[in-house]
Each structure stands twice: as structure tokens, then as C-alpha cells.
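Before any comments, here is the structure.
The values are calculated or read from the model by the stated rules, or taken from the named source; none is laboratory data. Every value quoted in this text rests on a predicted model; they were computed, and no experiment measured them. Note that each Cβ is placed from the backbone with ideal geometry, even for glycine, and that neighbours are counted across all protein chains shown. Heavy atoms of the whole protein, side chains included, go into the accessibility calculation; ligands, DNA and RNA do not. Shrake-Rupley method; radii C 1.70, N 1.55, O 1.52, S 1.80 Å.
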Amino acid sequence: MIAGFERADRGVVRLAGEVVDDSDHYVAPDRRRIGFVPQDGSLFPHLAVEQNVGFGLPRRERRGKRVGELLDMVGLGGLERRYPHQLSGGQQQRVALARALAIEPSLVLLDEPFASLDASLRAVLRQDVRRVLKEAGTTALLVTHDQDEALSLADRVAIIHDGQIGQYDTPQALYAHPASPELALGLGETNFLRGKASGDAVETPLGLLLRESAPASGATAVDGAPLLVLVRPEQILVSGEPGDDRRIARVLGAEFYGHDAVVTLRAEWDESEILVARTSDAGTLPKVGARVALSVRGRVVAWSDSAPPGGAEAADGAKSEQ
């Protein structure tokens, strides 16, 4: 609808203050000055790189200086005469980005442009795309289901839940202060604990934890009020020295990723409670079946009279899927 490929059933679409779609107005896609980078690049296979990039320009500019500058900007200088089948997937996406920028758009739409690339190439390309967009001074709207992509690439992130924008903020603020349990599930691995309010803290099976001061649905809960507590995996500390029996868990599994590791735990205070801990001390992973002591560092986010979306079982499933 922003690009103009579909009409809105209701509401208004404005670009830089100009109405381009409502019940009375409709501006055609080719008049909106929008660049579009689809998921698969969609390059013209019979056109060379320079012809693909210059396709949207007036004929006299298609072999001009601007095409060469754009190819240099996206790191493809010297590949002007190659055809799409002679390029890697990452190079094809760079051509698609250069083509989108060629018309000097007011907005670039990126529709999951890295989805078909392998993980290492995705990480490199998304940072290159961010650099290119910054250099061009162009606003971009990226659609993605990849949490790492959203957090590392965007200046601001909107999380859509049940067809509505549930929260819109900086990546740091969204991760640290999700507005609801549902939104927390959608942005990073989660652990949910039940607890009771106690002043500025909350009593949980993992001890008395300080709550974040940022407003949340549980921020003004009276002492003793039930709370749902979010603990991120990186907040859970795993020790090989079992202490307080209420905070003991048994190791179900440990996954090593090089830069860090993820440990899955079953709480002994409630065997239905499955927790996930992330540790940067990946060289000393506990063995499966080992009994370990748990503690929490930092403040936690809590909501009053809430529950994990779909109940505790659904929350456990969401944790394991992520």
C-alpha cells in the first residue's frame, strides 16, 4: 500500500506530508518516488548490471555518472558489464539496492531483502546496506521477521501484534522495556516467572529482584499483588555450587556457539518450569544432568495480573522455538 501496488481499504497513507492514498486520492506508484528492494532482487536477467541500475532513470542518464557512483557506493565498481547470473546472491541484492537509490527516492522499501542469504553474508550485507542508506541520506522502511536484523539495522523498530503496532521505539528501549509479555516474546528469548510485588522489587523463585523504573502495567502494583516477571537469558547466572534449594535447577542441555552458549534448565522448585540462560563463559559449560544454582543480575520488567500469551505452556514453547 505504501508503494501503491495495493489500495488501502480505509485510512490514509502520507509520504512527507502528502496524501498518496485515501478514499478520495490515489497517486500511482511511478509518481511516488519510492525505491523498492524485493526479497529476491528481481533483476532483469537480460540486462547487464549498469542497465539494471539505470533502468528507472531517463534514457540520457542511464550510462551517466550517477550509475557509476551508485555501483561504487554499494561496492560493485568494475562489475558494470556483468549479468545477474554472473553475480552472487549478495551482489544481486546490492544491484537491487543501487537500482532503488538511482531515482533519488524519498523512501526505500526493503521487503526481507536478506532472507535468501546465508547467515554470515546476511550480517555483512545488512551493515553495508545501513552504511549506504546513511550515506545517501535516504529514509528506509524494512520488513523483517529476523530479530537480529531489526535490532542491528534499524534506528527505530515497530512491532506489529494482532494487526496493530504494539510498540514503536529504539531497539534498545524495545528490548529493555517491552510494553507487554506478547511483545517481549516477539523480540528475543524470554523467561517468565510468577512473583509478588514488594516495594520496588518482586519476590520470585529466583529471589527478590529489583524492577525497572520505566512505566509498565505492574509499575504501581501494591505489595503482595501478583506479577508476571520477564527475565532475559543473559540475566541468569549459572553456578556449579548449589546453594539455596529454592533456586536449584538441573541442566537439560547446553549449546555452544563460540561467542557464547545457551543452557536449558529445569527448575527443581517446579519441574514444569523450563528456563534458558545465555552465558559468555562458554568454556566451562555445565554437563547435562548437573545440579546448578541460579541467580539473576540486573533489573527485571514486570506486569501485573498478566500471563504468558496462551498460558505457561505456550510460553515454554515460544522459548524453545527461539
request  = Taking the Cα atoms of region 1-126, report the difference between the largest and smallest coordinate on each principal axis, in whole Å and largest first.
outcome  = 47, 39, 24
request  = Any chance you could give the angle, 0 to 90 degrees and rounded to 10, that helix 312-321 forms with the longest Cα principal axis of the chain?
outcome  = 50 degrees
task = Keeping every protein chain in place, order His259, His161, His25 by accessible area at 1.4 Å, biggest value first, i.e. largest first.
result = His259, His25, His161
query = HN-Hα J couplings of region 224-239 from phi, Karplus 6.51/-1.76/1.60, θ = phi - 60°, integer Hz, Gly and Pro as x?
reply = x, 5, x, 10, 9, 10, 9, 10, 6, x, 6, 7, 8, 9, 10, 10
ask   = Which residue, Ala98, Ala261, Ala154, tops the fluctuation ranking in a GNM of the chain built on C-alpha contacts under 10 Å?
value = Ala261
request  = Provide the gained length on full extension for the span Asp169 to Leu151, in nm with one decimal, where the gain is 0.36 nm per separating residue minus the Cα-Cα distance.
outcome  = 5.4 nm
query = With the contact rule set at Cα under 8 Å and sequence spacing of 6 or more, what percent relative contact order holds for the chain?
reply = 12 percent
query = Taking every pair of alpha-carbon atoms in region 145-232, what share in percent sits in each 5 Å bin, from 0 to the bin with the longest distance?
reply = 3, 14, 24, 22, 16, 11, 8, 2, 0
inquiry  = Using only the Cα atoms of region 108-151, what are the Rg and Dmax in Å?
reply    = 10.2, 28
key: the chain: most fluctuating residue of Ala48, Ala123, Ala28 per GNM, C-alpha cutoff 10 Å   = Ala28
request  = Using only the alpha carbons of region 59-213, determine the length spanned along each of the three principal axes and report them from longest to shortest in whole angstroms.
outcome  = 71, 29, 26
remark   = Residue separation between Ser239 and Ala158 times 0.36 nm, minus their alpha-carbon distance, gives in nm 25.5 nm
Fraction of accessible area attributable to carbon and sulfur, region 30-139 (%, probe 1.4 Å) = 48 percent
task = For mean projected area of the Cα convex hull in nm², several values are listed as (i) 15.4; (ii) 16.2; (iii) 20.4; flag the one computed from this structure.
result = (iii)
task = Calculate the spin-label point distance for Asp270 paired with Arg60, positioning each point 7 Å from the Cα along the beta-carbon direction, and give it in nanometres.
result = 7.3 nm
ask   = Out of every Cα pair in region 72-122, what percent are spaced more than 12 Å from each other?
value = 67 percent
key: For the chain, accessible area per residue (1.4 Å probe, heavy atoms of protein chains only), Å²   = 54 Å²
request  = Could you state the angle between the C-alpha long axis of helix 89-102 and the longest principal axis of the C-alpha atoms of the chain, as a value from 0 to 90 degrees rounded to the nearest 10?
outcome  = 60 degrees
